[in-house]
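Enquirer: This is the structure, below, for whatever I ask next.
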Amino acid sequence: MPNRPYIVGNWKMNGMRAALSEARAIDRGAARHPGVQVAIAPPDTLISLMAEAVETISLGGQDCHEAGSGAFTGDVSAAMLADVGASFVIVGHSERRAGHAETDAIVRAKAEAATAAGLGVIVCVGETEAQRDAGNAEQVVTMQLEGSLPDEAGTPGQVTVAYEPVWAIGTGRVPSLDDVSAMHRAIRAKLEARYGAPSAGVRILYGGSVNAGNAAELLHCDEVGGALVGGASLTAESFLTIVSAAAPETD
Ligand code: PEP
């Protein structure tokens, strides 16, 4: 059972080699919190270099192709990510769903490819503002889960769900704590219905404008097993504050 909080930084399309010093600082800080599982998903160009630079944190890709190899210009496979030091991959981020027309079926195929390659997978779901305003948030997220999750929960901790309301990403806006708890409870119920007992090994992360100021309260919401962090993961100073907020008192 993966019972450590999982704090994952999504660097998106940010970071040159000079940013390796920031990753090293994050790594040193993470070592002081063994009760927290800390990870970064840098751009693919940095995974190999970062793998040589860090000791404590795990590294992941931000996307993978569903095929193992072939004529897919510009794409990388899950096995290629594993080959350069990644242990997980994010799939179905809303920026991929919106900007690259990724459907639930494509996201699921990517998730299956990731687990088949032995990677952990973080499957992202989340409603738009219009969908929430229409009262459809839980229905939308449940449908996304239905279509995007891999068939098996894999080994404990291998599959993670990230709930990221699209309107909260990069905007500084977050749902109310009650809404975060309600959505995470609904996702837990869906996971139990889908996987049965192995669903206990699936953590649910909250993502969307998590920062040093709001991390502690978001991480205490029902069924929140960690956070997927964008902007605030780019510097050790802000990311480590979030890691500290997730740390158990014994750390
Ligand atoms: C994200 O893009 O996964 C994310 C959560 O971004 P931010 O923290 O910047 O809202």
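Enquirer: Which is away from the ligand (no atom under 16 Å from the Cβ) and in contact with a Cys (Cβ under 7 Å, 6 or more places away or on another chain), of Ala78, Ala67? First the steps, then the outcome.
Expert: Working: Ala67 fails: in contact with a Cys (Cβ under 7 Å, 6 or more places away or on another chain).
None of the others qualify; the one that does is Ala78.
Enquirer: If you go through segment 51-64 one residue at a time, do you hit one that is assigned to a helix (DSSP H, G or I), closer than 27 Å to Ala116 by Cβ and not hydroxyl-bearing (Ser, Thr, Tyr)? Full working, then the answer.
Expert: First, pick out the residues of segment 51-64 that are assigned to a helix (DSSP H, G or I): 51-53.
Still in the running and closer than 27 Å to Ala116 by Cβ: 51-52.
Keeping just the survivors that are not hydroxyl-bearing (Ser, Thr, Tyr) gives 51-52.
Yes, some residue in segment 51-64 is assigned to a helix (DSSP H, G or I), closer than 27 Å to Ala116 by Cβ and not hydroxyl-bearing (Ser, Thr, Tyr).
Enquirer: Which of the following residues is open to solvent by 10 Å² or more (accessible area, probe 1.4 Å), small (Gly, Ala, Ser) and without any contact (Cβ under 8 Å) to a residue 40 or more places away in the chain: Ala82, Ala67, Ala25? Before the answer, list the steps.
Expert: Values: Ala67 fails: without any contact (Cβ under 8 Å) to a residue 40 or more places away in the chain; Ala25 fails: without any contact (Cβ under 8 Å) to a residue 40 or more places away in the chain.
Matching residue, one of Ala82, Ala67, Ala25: Ala82.
Enquirer: Let me ask something else. Restricting to segment 92-110, count the residues that are within 12 Å of the ligand (Cβ to nearest atom) and outside any helix (DSSP H, G or I).
Expert: Total satisfying the criteria: 2.
Enquirer: Go through segment 99-134 and give me each residue that's out of contact with any helix residue (DSSP H, G or I) (no Cβ under 6 Å at 6 or more places or on another chain) and in contact (Cβ under 8 Å) with a residue 60 or more places away in the chain.
Expert: Hits for segment 99-134 are Gly120, Ile122, Cys124.
Enquirer: Right, another one. Determine which member of the set Ile47, Ile26 is touching a strand residue (DSSP E or B) at 6+ places or on another chain (Cβ under 7 Å) and within 16 Å of the ligand (Cβ to nearest atom). Explain how you work it out, then say what you get.
Expert: Numbers: Ile47 fails: within 16 Å of the ligand (Cβ to nearest atom).
Selected residue: Ile26, the only one of Ile47, Ile26 that is touching a strand residue (DSSP E or B) at 6+ places or on another chain (Cβ under 7 Å) and within 16 Å of the ligand (Cβ to nearest atom).
Enquirer: Next question, about the same structure. On the basis of being open to solvent by less than 20 Å² (accessible area, probe 1.4 Å) and at pLDDT 95 or above, does Leu49 make the cut? Explain how you work it out, then say what you get.
Expert: On the way: open to solvent by less than 20 Å² (accessible area, probe 1.4 Å): no; at pLDDT 95 or above: yes.
Answer is no for this residue.
Enquirer: Would you call Thr103 hydroxyl-bearing (Ser, Thr, Tyr), in contact with a Gly (Cβ under 9 Å, 6 or more places away or on another chain), surrounded by fewer than 18 Cβ atoms within 10 Å (Cβ to Cβ) and under 30 Å from Ile187 (Cα atoms)?
Expert: Working: hydroxyl-bearing (Ser, Thr, Tyr): yes; in contact with a Gly (Cβ under 9 Å, 6 or more places away or on another chain): yes; surrounded by fewer than 18 Cβ atoms within 10 Å (Cβ to Cβ): yes; under 30 Å from Ile187 (Cα atoms): yes.
It is true that Thr103 is hydroxyl-bearing (Ser, Thr, Tyr), in contact with a Gly (Cβ under 9 Å, 6 or more places away or on another chain), surrounded by fewer than 18 Cβ atoms within 10 Å (Cβ to Cβ) and under 30 Å from Ile187 (Cα atoms).
The values are calculated or read from the model by the stated rules, or taken from the named source; none is laboratory data. Note that the coordinates shown come from a computational prediction; the quantities given were computed from them, not determined experimentally. For neighbour counting, all protein chains shown are included, and Cβ atoms are generated from backbone atoms with ideal geometry for every residue, glycine included. We work out accessible area using only protein heavy atoms, side chains counted, and drop any ligands, DNA or RNA first. Shrake-Rupley method; radii C 1.70, N 1.55, O 1.52, S 1.80 Å.
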